[in-house]
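Enquirer: One structure is given below, represented as structure tokens, and several questions about it will come after.
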Amino acid sequence: MKRRNVLAFDPQGHLVSQLSEVVAGDQTLHCVDSLAAAKKILSRDHCSVGLIVLDAPTAQLQEEIERLIAGAPTTEWIGIVSPKSLESREFQVFILNAFHDYHTLPIVPQRLAMSIGHACGKARMRLSLVSEDATAGRFGICGTSPVMVKFFRQLEKVINAELPVLIGGESGTGKELVARAIHNFSSRSGKPFVVVNCGAIPTNLIQSELFGHEKGAFTGAAQRKIGSIEAANGGVLFLDEIGDLPLGMQVNLLRVLQEKAITRLGSTLSIPVDFRLVAATHVDLQEAIRAGRFREDLLYRLNVIHLQLPPLRERLGDVRLLAETVLKNFASGTQRRKVSGFTSEAIGAMEAFQWPGNVRELINRVHRAVIMSDSKMITAADLGLGGFVQENQGVTLEAARASFERDIIESSLRANGNNVSKAAQQLGVSRVTLYRVINKFNIELSSKVSSPIKAGVCRA
Ligand SMILES: Nc1ncnc2c1ncn2[C@@H]1O[C@H](COP(=O)(O)OP(=O)(O)OP(=O)(O)O)[C@@H](O)[C@H]1O
Ligand SMILES: [Mg+2]
């Protein structure tokens, strides 16, 4: 049974013991007394339910809580509120807008447990919709194009199949990312993931790298060394660029796959190993067999399941999503936060480009553009794709609407000195809705928006 995380933000810490009695056996409770700690947990683990203890919170704290809630769209929130707070009309609006449910103090364990149970169910439904949703991709891999949706379906079947997998695809298409997903999402995730790049190790060292050696096995073997295959015991061994494995070593690998045991160099002891083999290649191994560089019997062993990653030019529909994801991840870790998106001409140019270096090239171009860009929006020229700007490029209604929505929100925030409450009022939406759109468009809010919570309330 999968455990569910339940976050509880209890600023005074009065309810911790009561709450821990309320959560069910399959739920893990994380109690925090500060918003900073709550954010930290949400960034690390998915929480199905968030409980927030509220006793007449200040407007400032309400705003902070709204931001926390908007930042965790697949968590269901329950307010645990004092009867006194509910007397305020403003507070009632806050509860209605921001929370899935509320529970009036004192805690009635059975009723709260039921409410948490419902919220867990709702969160599970929401999460399954989001992970299947066309907004991101699956298994930490971006993609919503038909070829990638098909790929995800295959990957899903492969993950727990326990058979060797061979991943093919041009350079930079995400082969290592997929190998890691096979490890991370399988039952071996708690065990090692060991990567060996067969093309990067000198031929004379590869045997000891894979199989390990005993002290004194050869000149220079001063210590015993555990090889990569042994190190992957219980987990996944990822042999990258398997096409570069020397022929002699291919025989040894074949033997390991048959016997499920290794012998360290300089030893005669056979050590049993249990690992799942995932291999990747950017070359055509059938061709390598014809050229006498690869053993056919090894290919049959490796190729029990074959996953082929399509080149980026065959999934240009994913380019925008990939570029925006890369920008979001990169800009948040740099000083260049002011760069917040791409001009439509830049998107058009990216969708017209053939991407010989695939996703890795896209990442490099976006990173460089973030550094080089002089304005808030990255242009085709910033990406080095000035020659790919399309004439009379059609703008979809959806793109035009999004651009208009974004502009109007930015101008309203500017007009209201970045005060989200005032902007929300002016635009006729709730603050929670506005925060959601701000997150969606990655609009940068300066620290002026909300001042830090009072020290007495929050003990981070
Ligand atoms: N669909 C994707 N979504 C998000 N990131 C991706 C995707 N595909 C690739 N990447 C990223 O692109 C980069 C290159 O991917 P990766 O190293 O897995 O490619 P590769 O196929 O192993 O390339 P090579 O053949 O050159 O070793 C990595 O930073 C990876 O995280
Ligand atoms: Mg690779």
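The values are calculated or read from the model by the stated rules, or taken from the named source; none is laboratory data. Keep in mind the model is a prediction, meaning the values are calculated, not measured. Here the Cβ is made from the backbone with ideal geometry for all residues, glycine too, and neighbour counts use every protein chain on show. Heads up: the accessible areas ignore ligands, DNA and RNA and are worked out on the full protein's heavy atoms, side chains in. Shrake-Rupley method; radii C 1.70, N 1.55, O 1.52, S 1.80 Å.
Enquirer: Identify, from the list G71, G79, G50, the residue that is closer than 29 Å to R124 by Cβ, in contact (Cβ under 8 Å) with a residue 12 or more places away in the chain and open to solvent by 10 Å² or more (accessible area, probe 1.4 Å).
Expert: G71
Enquirer: Does any residue in region 257-278 that is within 29 Å of G169 (Cα to Cα) come within less than 7 Å, Cβ to Cβ, of a residue that is basic (K, R) six or more places away or on a different chain, and which pairs are these?
Expert: Final answer for the pair search is L257/R301; V273/K260; D274/K260; R276/R188.
Enquirer: Further, regarding this structure: Read through the list (1) touching a helix residue (DSSP H, G or I) at 6+ places or on another chain (Cβ under 8 Å); (2) open to solvent by less than 40 Å² (accessible area, probe 1.4 Å), then give the number of the only condition that T343 fails.
Expert: Exception for T343: condition (1).
Enquirer: I'd like to know if region 309-324 contains one or more residues that are open to solvent by 60 Å² or more (accessible area, probe 1.4 Å) and of a type in the set (V, I, T).
Expert: No, region 309-324 contains no residue that is open to solvent by 60 Å² or more (accessible area, probe 1.4 Å) and of a type in the set (V, I, T).
Enquirer: Cβ contacts < 9 Å: first residue more than 15 Å from Q60 (Cβ to Cβ) and modelled with pLDDT under 90, restricted to region 82-97; second residue assigned to a helix (DSSP H, G or I) and among the acidic types (D, E), any location; separation 6+ or different chain. Result?
Expert: N97/E66
Enquirer: Sticking with this one: Report, by residue number, each residue of region 184-205 that is surrounded by fewer than 21 Cβ atoms within 10 Å (Cβ to Cβ), away from ligand 2 (no atom under 11 Å from the Cβ) and either assigned to a helix (DSSP H, G or I) or not small (G, A, S) (or both).
Expert: Start the filter on region 184-205 by keeping residues that are surrounded by fewer than 21 Cβ atoms within 10 Å (Cβ to Cβ), which leaves 184-187, 189-195, 197, 199-205.
If we keep only those that are away from ligand 2 (no atom under 11 Å from the Cβ) too, we end up with 184-187, 189-194, 201-205.
Within region 184-205, N184, F185, K191, P192, F193, V194, I201, P202, T203, N204, L205 qualify.
Enquirer: Now for a separate question. Among the residues of region 273-305, count how many are of a type in the set (G, A, S) and more than 17 Å from I167 (Cα to Cα). Step through it out loud before you land on a result.
Expert: Initially, region 273-305 is screened for residues of a type in the set (G, A, S), giving 279-280, 288, 291-292.
Now restrict to residues that are more than 17 Å from I167 (Cα to Cα): 291-292.
Total satisfying the criteria: 2.
Enquirer: Given the structure, is Q426 open to solvent by 40 Å² or more (accessible area, probe 1.4 Å) and modelled with pLDDT under 80?
Expert: Values: open to solvent by 40 Å² or more (accessible area, probe 1.4 Å): yes; modelled with pLDDT under 80: no.
Against the criterion (open to solvent by 40 Å² or more (accessible area, probe 1.4 Å) and modelled with pLDDT under 80), Q426 does not qualify.
Enquirer: Now for a separate question. Starting from region 159-178, keep only residues that are farther than 16 Å from G235 by Cβ, then list their pairs with residues that are near ligand 1 (Cβ under 8 Å from one of its atoms) and among the acidic types (D, E) whose Cβ atoms are within a distance under 8 Å, requiring at least 6 positions of separation or different chains.
Expert: Short answer, once both residue conditions are applied: K175/D240.
Enquirer: Considering each residue of region 254-288, count those that are over 28 Å from the mean Cα position of the chain (by Cα), of a type in the set (S, T, Y) and surrounded by 15 or more Cβ atoms within 10 Å (Cβ to Cβ), and give that number.
Expert: 2
Enquirer: Taking only region 416-448 into account, find how many residues are under 19 Å from S340 (Cβ atoms) and without any contact (Cβ under 8 Å) to a residue 12 or more places away in the chain.
Expert: 3
Enquirer: Show the residue pairs meeting these rules: Cβ distance below 7 Å; 6+ apart or different chains; first residue within region 183-194 and over 19 Å from I141 (Cβ atoms); second residue at pLDDT below 90 and assigned to a loop (DSSP other than H, G, I, E, B).
Expert: Once the first residue is over 19 Å from I141 (Cβ atoms) and sits in region 183-194, its partners that are at pLDDT below 90 and assigned to a loop (DSSP other than H, G, I, E, B) give S187/N160.
Enquirer: Still on this model: Of the residues that make up region 246-253, is at least one among the hydrophobic types (A, V, I, L, M, F, W, C) and within 37 Å of the chain's Cα centre (by Cα)? Reasoning before the result, please.
Expert: Step one: of region 246-253, the residues among the hydrophobic types (A, V, I, L, M, F, W, C) are 247, 249, 251, 253.
Right, trim to within 37 Å of the chain's Cα centre (by Cα) and you get 249, 253.
The answer is yes; a qualifying residue exists.
Enquirer: Still on this structure, I have one more. Any chance you could count how many residues in region 216-274 are among the charged types (D, E, K, R), closer than 26 Å to G190 by Cβ and within 16 Å of ligand 1 (Cβ to nearest atom)?
Expert: Total satisfying the criteria: 1.
Enquirer: Among residues belonging to region 206-216 that are surrounded by 13 or more Cβ atoms within 10 Å (Cβ to Cβ) and small (G, A, S), point out the one that is nearest to F294 (Cα to Cα). Give the derivation first.
Expert: Start the filter on region 206-216 by keeping residues that are surrounded by 13 or more Cβ atoms within 10 Å (Cβ to Cβ), which leaves 206-214.
Within this subset, residues satisfying the condition of being small (G, A, S) are 208, 212.
Numbers: S208: 21, G212: 23 Å.
The selected residue is S208.
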